[in-house]
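Structure first, commentary second.
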Amino acid sequence: MSRNIMVQGTSSSVGKSILAAAFCRIFTQDGYIVSPFKSQNMSLNSHVTTEGHEMGRAQVLQAQASRKAPHVSMNPILLKPTTDQKSQVIVMGKAVKDMNASDYFRCKHELKEVILSAYEELSEKSDIMVIEGAGSPAEINLRTDDIVNMGFAEMVDAPVILVADIDRGGVFASIYGTVMLLEERERKRIKGVIINKFRGDPTLLTSGIEELEGLIGIRVLGIIPYFSLDLDEEDSAMDLMKFSESAKPKLEIAVIRAPHLSNFTDFQPLSVLGEVKLRFVGLQEEIGHPDLIILPGTKSTVEDLRKMKESGMDERILRSHKVGTPIMGICGGYQMLGESICDPYGVETKRLVTEGLGLLKMETRFAEEKKTFLVEGTSGYGDAKISGYEIHMGESLHKEKYSPLLTITKRSNKEVDPVEEGVMDRERGLFGTYVHGIFESASFTRSLLDDLCARKGIPPIEETITDYWDHREEELDKLAQIVRENTDMEEIYAILAET
């Protein structure tokens with residue numbers, strides 16, 4: 001069996017996912033076979049494995065940090081919120097059903113066997129397991145049948161590193177409070193603390209750290225400086241507005257911020273381009289005059305479309321398109337562009353038919369089974385190569401002939417007869433696809449942006465566009481260096497040696 005170490009946090013969004021990715025890359029650089037693991041993830045950002053299984057995007061990043069292909073065993077339980085009260089429960093990559101919190105809590109005990117089996121499968125093939133917790137271990141109302149924090153640490157006898165975010169303030173209180181709310185046996189599992197997102201001179205923390213260590217009897221093993229790297233965030237808690245700045249933009253792209261926006265990591269490759277201003281537009285905000293409007297993927301297409309109509313956003317989108325702004329829909333956003341969305345099985349709503357925006361002569365029909373595929377192919381832009389993934393429960397039928405945006409030639413790494421996918425109506429400025437992640441393909445992104453520049457009558461953007469996978473590799477190496485230089489890695493390895 002492998003050695004293991006678990007990263008837990010004083011709260012959500014303290015940087016657990018990114019620090020777990022850092023440890024995955026550091027241990028991998030040091031010659032170990034590493035696997036990431038998170039027993040239960042709640043996120044609208046998901047990805048698809050080669051086998052067609054759905055898993056959390058954060059564990060996909062950690063798999064890349066470990067230089068491994070993502071596998072659903074790394075995230076056996078994924079919860080995708082559908083409303084404020086319900087989530088779609090995905091077990092080992094396959095959607096089971098929608099549950100409210102109380103129903104899910106009642107079945108958590110039954111999921112322990114699934115989680116442990118997934119963990120053991122990975123552990124047998126690894127030297128080190130890097131485990132990520134969720135939220136905070138001090139959520140004492142959730143202690144019973146805990147399967148993701150201290151409860152899981154006890155299942156696999158994992159030492160814990162506790163991470164706290166100093167940028168939000170109150171870091172010493174959050175660390176002390178977290179430790180003190182734990183039971184004695186749980187406190188003993190915490191072998192070190194890392195203070196994350198520090199701005200300034202770390203020596204200013206010396207006296208506070210010494211007092212804290214005396215109070216909790218646990219060493220602070222690292223002070224990680226605040227940094228900005230282009231790496232996937234854990235979930236929708238990320239600050240979307242950080243994408244809005246660009247010094248000298250040639251193009252402006254507006255993404256409609258739907259209430260149940262999912263897979264916003266689709267747009268991260270655009271955010272790194274200095275000549276592109278990417279901004280997210282709330283339903284109550286004006287669109288302005290962008291060069292492209294994107295309707296993104298959403299976990300609740302019908303509900304988000306209803307809220308767009310209530311807010312008048314649909315009319316603002318249509319007005320903008322009428323004066324020449326191109327529109328692109330991805331997955332749920334693609335479905336919205338059609339004339340109607342039918343839901344005969346009550347997948348999202350009890351309403352049988354919902355009227356779409358009517359920009360495409362297309363009808364979408366929801367099915368009971370979710371489709372999840374990795375895909376490869378070419379785009380209608382000069383056969384530019386693309387790769388991405390599909391996650392949807394709808395089939396869209398065109399009532400007139402449209403040029404396809406993509407031609408799919410591989411699904412789940414298997415050759416298939418060419419399949420025309422999506423819509424590319426360059427004359428009317430309408431684009432749509434079910435495929436997530438296409439902006440990670442440099443040739444497609446270059447072709448689309450060149451087209452937008454041509455529409456605007458300006459030269460193409462000058463900066464180099466690379467495949468985002470390669471860019472992420474460079475960022476992971478930078479992350480590993482930052483964490484390695486600001487953490488007592490000798491002590492981290494000593495903690496591992498004890499397991």
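The values are calculated or read from the model by the stated rules, or taken from the named source; none is laboratory data. Note that the coordinates shown come from a computational prediction; the quantities given were computed from them, not determined experimentally. Here the Cβ is made from the backbone with ideal geometry for all residues, glycine too, and neighbour counts use every protein chain on show.
With respect to (1) more than 30 Å from TYR334 (Cα to Cα); (2) assigned by TED's automatic domain parsing to the domain that holds ILE317; (3) among the hydroxyl-bearing types (Ser, Thr, Tyr), the lone exception for THR487 is condition (2). If you go through segment 168-181 and keep only what is surrounded by fewer than 23 Cβ atoms within 10 Å (Cβ to Cβ) and within 30 Å of HIS109 (Cβ to Cβ), you end up with SER174, GLY177, VAL179, MET180, LEU181. Kindly establish whether ASP165 is surrounded by fewer than 21 Cβ atoms within 10 Å (Cβ to Cβ), of a type in the set (D, E, K, R) and at pLDDT 95 or above. In short, no. For residues that are among the charged types (D, E, K, R) and either without any contact (Cβ under 8 Å) to a residue 40 or more places away in the chain or assigned to a loop (DSSP other than H, G, I, E, B) (or both), tally how many sit in segment 299-310. Counting residues in segment 299-310 that are among the charged types (D, E, K, R) and either without any contact (Cβ under 8 Å) to a residue 40 or more places away in the chain or assigned to a loop (DSSP other than H, G, I, E, B) (or both) gives 3. Within segment 115-162, the residues that satisfy the criterion of being on the phi > 0 side of the Ramachandran plot and acidic (Asp, Glu) are ASP145, ASP157.
Can you find a residue in segment 279-296 that is at pLDDT below 95, assigned by TED's automatic domain parsing to the domain that holds PHE444 and part of a helix (DSSP H, G or I)? Looking for residues that are at pLDDT below 95, assigned by TED's automatic domain parsing to the domain that holds PHE444 and part of a helix (DSSP H, G or I), one finds none in segment 279-296, hence no.
Residue-level check: of (1) buried (at least 24 other Cβ atoms within 10 Å of the Cβ); (2) out of contact with any Asp or Glu (no Cβ under 8 Å at 6 or more places or on another chain), ALA69 misses just (1).
Is at least one residue of segment 467-476 surrounded by 18 or more Cβ atoms within 10 Å (Cβ to Cβ), over 30 Å from HIS289 (Cα atoms), assigned by TED's automatic domain parsing to the domain that holds LEU295 and of a type in the set (A, V, I, L, M, F, W, C)? No, segment 467-476 has no match at all. A count restricted to segment 311-328 and to residues that are assigned to a helix (DSSP H, G or I), under 28 Å from the mean Cα position of the chain (by Cα) and farther than 12 Å from LEU357 by Cα stands at 1. Being out of contact with any helix residue (DSSP H, G or I) (no Cβ under 6 Å at 6 or more places or on another chain) and aromatic (Phe, Trp, Tyr) is the filter; apply it to segment 336-392 and report the residue that is farthest from VAL72 (Cα to Cα). Among them, the one singled out is TYR345.
Considering the conditions (1) out of contact with any strand residue (DSSP E or B) (no Cβ under 8 Å at 6 or more places or on another chain); (2) surrounded by fewer than 24 Cβ atoms within 10 Å (Cβ to Cβ), ARG25 is excluded by exactly one of them, (2). Here GLY388, GLY358, GLY333, GLY338 are screened, and the one residue that is at pLDDT 95 or above, surrounded by 22 or more Cβ atoms within 10 Å (Cβ to Cβ) and either over 27 Å from the mean Cα position of the chain (by Cα) or outside any loop (DSSP other than H, G, I, E, B) (or both) is GLY333. Candidates are the residues of segment 190-232 that are within 30 Å of HIS471 (Cβ to Cβ) and of a type in the set (D, E, K, R); the one that is surrounded by the fewest Cβ atoms within 10 Å (Cβ to Cβ) is ARG199.
Output the number of the condition that THR178 fails; it satisfies all remaining conditions of (1) within 29 Å of the chain's Cα centre (by Cα); (2) closer than 29 Å to GLU475 by Cα; (3) modelled with pLDDT of 90 or more. With respect to (1) within 29 Å of the chain's Cα centre (by Cα); (2) closer than 29 Å to GLU475 by Cα; (3) modelled with pLDDT of 90 or more, THR178 is out only on (2).
Step by step: first the residues of segment 154-175, then only those that are assigned to a helix (DSSP H, G or I) and over 22 Å from ASP488 (Cα atoms), then the one that is farthest from the chain's Cα centre (by Cα). Which residue is that? Once the filter is applied, the top-ranked residue is ALA173.
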